Amino acid sequence: MSRTPRGTCLMTMSDVILQTSRLTKEFKGFTAVSDVNLSVRRGSIHALIGPNGAGKTTCFNLLTKFLEPTSGTIHFNGHDITREHPAQIARRGVIRSFQISAVFPHLTLMENVRLGLQRKLGTSYHFWRSERSLSQLNDRAVQLLTEVGLQELADEVTVNLPYGRKRALEIATTLAMEPELMLLDEPTQGMGHEDVDRVTQLIKKVSAGRTILMVEHNMKVISTIADRITVLQRGAVLAEGPYEEVSKNPQVMEAYMGTTDGQLQGAH
């Protein structure tokens, strides 16, 4: 799928894979997410950014139904999913990763990916079945490990991997569930520069034919791969657009960096 040029903003309904309307979440009088209207273009990498406490993770929790919205609606592929359960959302192809690595440390890389693939066999929770019943998944598991550059470590125990490689493995297990929309929650958090660059390029690579919505603090990552950015502040949308536009927005610089001098730059 060819990627739409950055900054293009005219979208038809068929272009939009995920859309929220006035999405709001209140906790005992505190509004964590306030009237958020979000449109994610099919086949794009869309970044959700903002200072700490801006409501980014709460927004993710609403989209994947770990939280119920107080008001507003969520549509995926034109279907109203506002009241659906997390498992229903996942079956539709909305698959999420988390801030901390969510892999099984004492299984091999191959075994981790095969667990993600088991859903198609209907054996997702049947851990007592013979390992031979899963051998039919090996070829696809190797393909996914190859896609994220881990094929030579297929038989390595996951606990022995450096942190950046564990995040790459997590992306492989996410891909195993055949996501149409991948939600990545701070995929480069806690990484050194080398791992950040590796995972950034990996995200760009696996985005082909898929849509990615990501929460990310690292502005270098955002500027490199994001087609569109939505900035949250105090739970509300402060600005939206391509990086070149948003990074020069005085309100964004004030909210994100506490300054209106220069452009939005990047640390965590």
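Quick look at the values:
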quantity: Residue match in segment 222-237 (condition: at pLDDT 95 or above, in contact with a strand residue (DSSP E or B) (Cβ under 7 Å, 6 or more places away or on another chain) and among the hydroxyl-bearing types (S, T, Y)); calculated: yes
quantity: Residue that is farthest from S97 (Cα to Cα) [pool: residues in segment 199-224 that are in contact with a helix residue (DSSP H, G or I) (Cβ under 7 Å, 6 or more places away or on another chain) and surrounded by fewer than 18 Cβ atoms within 10 Å (Cβ to Cβ)]; calculated: T224
quantity: Any hit, segment 34-53, residues being modelled with pLDDT of 95 or more, over 25 Å from V252 (Cβ atoms) and of a type in the set (D, E, K, R); calculated: yes
quantity: Any hit, segment 24-43, residues being outside any strand (DSSP E or B) and either buried (at least 22 other Cβ atoms within 10 Å of the Cβ) or touching a Ser or Thr at 6+ places or on another chain (Cβ under 9 Å) (or both); calculated: yes
quantity: Index of the failed condition, G258 passing every other in (1) at pLDDT 95 or above; (2) on the phi > 0 side of the Ramachandran plot; (3) not hydroxyl-bearing (S, T, Y); calculated: (1)
quantity: Any hit, segment 207-230, residues being among the small types (G, A, S) and part of a helix (DSSP H, G or I); calculated: yes
quantity: Lone qualifier among R92, R83, R114, R119 - being under 13 Å from P179 (Cα atoms) and at pLDDT 85 or above; calculated: R92
quantity: Residues of segment 45-68 satisfying the condition of being within 12 Å of the chain's Cα centre (by Cα) and assigned to a loop (DSSP other than H, G, I, E, B); calculated: T64
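Residue by residue, here is whether (1) under 30 Å from L38 (Cα atoms); (2) modelled with pLDDT of 85 or more; (3) in a helix (DSSP H, G or I); (4) in contact with a Phe, Trp or Tyr (Cβ under 6 Å, 6 or more places away or on another chain) holds:
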site: F104; (1), (2), (3), (4): no, yes, no, no
site: F127; (1), (2), (3), (4): no, no, no, no
site: S133; (1), (2), (3), (4): no, no, yes, no
site: R140; (1), (2), (3), (4): no, yes, yes, no
site: Q143; (1), (2), (3), (4): no, yes, yes, no
site: R165; (1), (2), (3), (4): no, yes, yes, no
site: E178; (1), (2), (3), (4): yes, yes, no, no
site: M182; (1), (2), (3), (4): yes, yes, no, no
site: T188; (1), (2), (3), (4): yes, yes, no, no
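The values are calculated or read from the model by the stated rules, or taken from the named source; none is laboratory data. This structure is a prediction, so every number in the text was calculated from the model and none was measured. Ideal geometry is used to build each Cβ from the backbone, glycine not excepted, and the neighbour counts take in all protein chains shown.
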